[in-house]
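So the structure is just underneath, and the comments pick up after that.
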Amino acid sequence: MEKERYLKLIKDTSPKTKMARTLVFSFLVGGSICCVGQLVSDIIMLISPAMPEIEMKMWTTIVMIFLGSFFTGIGLYDKLGYYAGGGSIIPITGFANSIVSPAMEYNREGIVFGVCAKMFTIAGPIIVFGIVSSVIVGLIGMFFV
Amino acid sequence: MKCGERSFIFDNSVYVRSGYTIVGDKEGKGNYGNYFDLVLSDDLWGQKSYERAECKMHKEAILGAMQKAGINESDIGLMLAGDLMNEIVGSGFAARDFACGFMGLYNACATYGEALLLGGMLISAGYEKYVTCSSSSHFSTAERQYRYPLELGTQRTPTSQWTVTGAGCTVLSAEFGEEGFPLVTAGTIGRVIDMGVEDEGNMGGAMAPAAADTIITHLRDTKRDASYYDLILTGDLGKYGKELLQYILADEGYDGINNLQDCGAIYFTEDQKTEQGGSGAGCANTLFNGYFLKKMLQGKYSKILLVPTGALLSRDTPLQKETIPSIAHAIAFEKK
């Protein structure tokens with residue numbers, strides 16, 4: 001069988017991701033995580049009504065990162081990710097998951113070359129893109145706004 | 001005796017003396033859970049890491065097979081072993097506890113086939129009397145090496161497969177052992193085939209052409225019809241890979257082969273969510289030693305052509321835009 005014909009066969013016949021189901025799950029889970037975030041910030045506002053908004057947002061982020069890390073630690077976040085896909089990767093809880101999961105995985109290789117070195121294997125690109133784009137946006141803001 | 005392009009028919013008898021398998025918890029809950037010799041309830045098996053657990057499984061599988069064959073360490077002339085971990089540490093570390101000759105092999109998931117072919121040749125030629133052929137894979141060591149950390153919340157692609165946690169060992173011998181065991185009678189050495197598949201999430205697609213090539217070469221070289229065998233058993237093509245294999249065989253003029261089966265495709269149940277099924281160096285090995293060898297003993301099958309398949313890539317090669325080369329070896333088991 002010729003290469004081109006075989007590759008076309010694979011392209012035509014290979015099982016595809018069930019888009020409708022994946023999108024619905026992703027929307028529901030991603031949305032629910034955001035609702036939890038809103039709930040957290042509402043609770044913070046209840047506890048400390050005098051807190052400035054920027055500080056409240058910071059505390060909300062910290063709590064969400066903790067929750068993402070916690071559920072990764074007890075082995076539930078990956079099960080959620082199996083169904084939710086992007087829905088659980090994109091919120092900040094997913095970012096926490098991408099840092100904590102390699103840290104746990106490489107715990108056995110020691111603190112320095114295991115946990116600390118491997119911690120950013122997944123999240124590294126996100127940090128790089130985050131910093132680079134913030135610099136670009138900052139420069140645009142400095143000159144044009 | 002060499003026969004045709006890449007096949008051999010063994011001149012002297014090569015007896016299968018025993019087969020022993022150890023699998024993980026998920027495998028034990030799969031379709032063939034009752035047939036394995038030892039099912040672990042914990043994939044770590046009391047070890048500090050999954051790598052150590054795989055080494056222990058590999059070692060215990062060899063010991064189990066030796067015990068089942070009723071032989072001692074001193075009888076073994078050579079251990080042929082391989083696994084999927086970098087630098088095949090699973091086999092090398094397992095072998096340090098034996099005072100036997102050792103040769104480490106790597107053909108990815110086709111390693112078990114490579115071991116059987118070489119072991120058969122050495123015994124048939126009279127160089128060895130007892131050879132152990134073993135291989136292992138572990139889901140958790142393979143995931144971190146080829147894919148992502150275990151706890152990362154990613155989705156599996158529909159064409160992906162689940163690496164089997166399992167180790168198995170077959171003892172081959174020049175001496176007749178127990179009644180009912182098959183002989184290794186023939187084999188075909190595979191060649192590396194690359195059809196340009198780039199997706200490392202579709203191993204079945206990458207390996208199916210290699211399996212087809214080896215099966216066709218075997219049938220042509222030995223002048224046998226596919227129906228000569230009760231079963232042609234491929235390694236870990238998975239459900240979709242098996243469909244592709246059937247398509248390629250039909251395309252090459254070998255249609256109507258209705259005795260094809262794939263170890264990966266039947267390993268797990270639907271509910272276990274493994275997408276296309278099992279894979280790994282322990283897949284074909286544990287299912288053959290665990291289930292099919294026992295069924296041969298019981299008389300359900302008398303001739304099986306085992307075709308373990310392997311994809312010869314590393315984690316980095318797909319990132320470097322390389323395609324996936326694959327290989328498959330064929331070994332004929334027959335009861336006389």
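The values are calculated or read from the model by the stated rules, or taken from the named source; none is laboratory data. All values reported here derive from a predicted model rather than from experimental measurement. Counting neighbours? That spans all protein chains shown, and the Cβs are built from the backbone with ideal geometry, glycine included.
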Identify, please: which residue in segment A:87-115 is without any contact (Cβ under 8 Å) to a residue 12 or more places away in the chain and assigned to a helix (DSSP H, G or I) and is, among those, farthest from the other protein chains (Cβ to nearest Cβ)? A:V112
Quick test for you: out of B:T111, B:T154, B:T132, pick the one residue that is in contact with a helix residue (DSSP H, G or I) (Cβ under 9 Å, 6 or more places away or on another chain), closer than 21 Å to B:Q276 by Cβ and at pLDDT 95 or above. B:T111
So is B:D213 acidic (D, E) and touching a strand residue (DSSP E or B) at 6+ places or on another chain (Cβ under 6 Å) or not? yes
I'm trying to understand the selection: among the residues of segment A:74-86, which are surrounded by fewer than 16 Cβ atoms within 10 Å (Cβ to Cβ) and in a helix (DSSP H, G or I)? A:K79, A:Y82
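Quick grid of which residues meet (1) of a type outside the set (A, V, I, L, M); (2) farther than 18 Å from A:S14 by Cα; (3) assigned by TED's automatic domain parsing to the domain that holds B:K303:
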{"position": "B:P149", "(1), (2), (3)": "yes, yes, no"}
{"position": "B:G153", "(1), (2), (3)": "yes, yes, no"}
{"position": "B:S160", "(1), (2), (3)": "yes, no, no"}
{"position": "B:E198", "(1), (2), (3)": "yes, no, yes"}
{"position": "B:N202", "(1), (2), (3)": "yes, no, yes"}
Quick check on segment B:201-221. Is at least one of its residues within 9 Å of chain A (Cβ to nearest Cβ), of a type outside the set (A, V, I, L, M) and farther than 30 Å from A:T22 by Cα? yes
Hey, could you check segment B:24-61 for residues that are more than 23 Å from B:F93 (Cβ to Cβ) and of a type outside the set (S, T, N, Q) and say which is surrounded by the most Cβ atoms within 10 Å (Cβ to Cβ)? B:G30
Just for segment B:188-200: of the residues that are away from every other protein chain (no Cβ under 14 Å) and buried (at least 23 other Cβ atoms within 10 Å of the Cβ), which one is farthest from B:K239 (Cα to Cα)? B:T188
Helices (runs of 4 or more DSSP H) wholly inside segment B:255-323 that include at least 1 residues being modelled with pLDDT of 95 or more and within 18 Å of the chain's Cα centre (by Cα): B:263-267, B:283-287, B:293-298
Show the residue pairs that are 6+ apart or on different chains and have beta-carbon atoms under 9 Å apart, the first residue being within segment B:246-262 and within 12 Å of another protein chain (Cβ to nearest Cβ), the second being part of a helix (DSSP H, G or I) and basic (K, R). B:D251/A:R5
Where residues in segment B:136-187 are among the aromatic types (F, W, Y) and away from chain A (no Cβ under 14 Å), which of them is surrounded by the most Cβ atoms within 10 Å (Cβ to Cβ)? B:F181
Name the residues in segment B:20-46 that are polar (S, T, N, Q) and either free of Cβ contacts under 8 Å to residues at least 12 places away in the same chain or in contact with an Asp or Glu (Cβ under 6 Å, 6 or more places away or on another chain) (or both), would you? B:T21, B:N34, B:S41
Which condition does A:L9 not pass, out of (1) away from chain B (no Cβ under 11 Å); (2) part of a helix (DSSP H, G or I), if it passes all the others? (1)
Limited to segment B:207-232, what total is found for residues that are among the basic types (K, R) and not in a loop (DSSP other than H, G, I, E, B)? 1
Consider A:L67 against the criteria (1) closer than 24 Å to B:W162 by Cβ; (2) modelled with pLDDT of 95 or more: it satisfies all of them except one. Which criterion is unmet? (1)
